[in-house]
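A.B. asks: Here it is, the structure in full.
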Amino acid sequence: MSDKKLIILSTLKDIKFSINLIEERFKDIKESDDFISSPKGLEKLDAISMRLIAIGEGIKKIDKLSNGKLLCNYPKID
């Protein structure tokens, strides 16, 4: 397997890990105010936000490694 494919697979595993963490952290959130009603809620919001950023960076990395063949399939997404 090529280095690019290994990096892409590793990045996909990282993305899946981030998604699982987001789902776990969202379990106790019932409404948006739960994020701002306590310091713990704000910590969850920060943690989830950072994971979403990591997912976006991972997708951009995969797109770069695939020579721009990923994101061009989704022109409506910034």
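A.B. asks: Could you tally up the Lys pairs in segment 3-73 with alpha carbons closer than 19 Å? Skip any pair fewer than 8 positions apart unless they're on separate chains.
C.D. replies: So the count of such lysine pairs works out to 26.
A.B. asks: Working from the alpha-carbon coordinates of the chain, get Rg over Rh, Rh being the Kirkwood radius.
C.D. replies: Working: Rg = 15.6 Å, Rh = 14.1 Å.
Value, to two decimals: 1.10.
A.B. asks: Find which of LEU42, ILE8, ILE19 sits farthest along the positive direction of the dipole of segment 3-73, computed with +1 on the beta-carbon of Lys and Arg, -1 on that of Asp and Glu, about the Cα centre.
C.D. replies: Selected residue: ILE8.
A.B. asks: Next up: Counting other Cβ atoms within 10 Å, which trypsin sites (Lys or Arg not before Pro) in segment 19-59 have at most 11 and lie in a DSSP loop?
C.D. replies: LYS27, LYS30
A.B. asks: Right, another one. Quick one: which of 53-59, 3-9, 72-78 comes out on top by average Cβ neighbours within 10 Å, and what's the full order, highest first? Don't skip to the answer; put the middle values down first.
C.D. replies: Numbers: 53-59: 15.3, 3-9: 12.1, 72-78: 7.4.
Put in order of decreasing packing, that is 53-59, 3-9, 72-78.
Each value in this text was obtained by applying a stated rule to the coordinates, not by laboratory testing. Computed from a predicted model, the values in this text were never measured in an experiment. Neighbour counts are summed over all protein chains in view; Cβ atoms, including those assigned to glycine, are modelled from backbone coordinates with ideal geometry.
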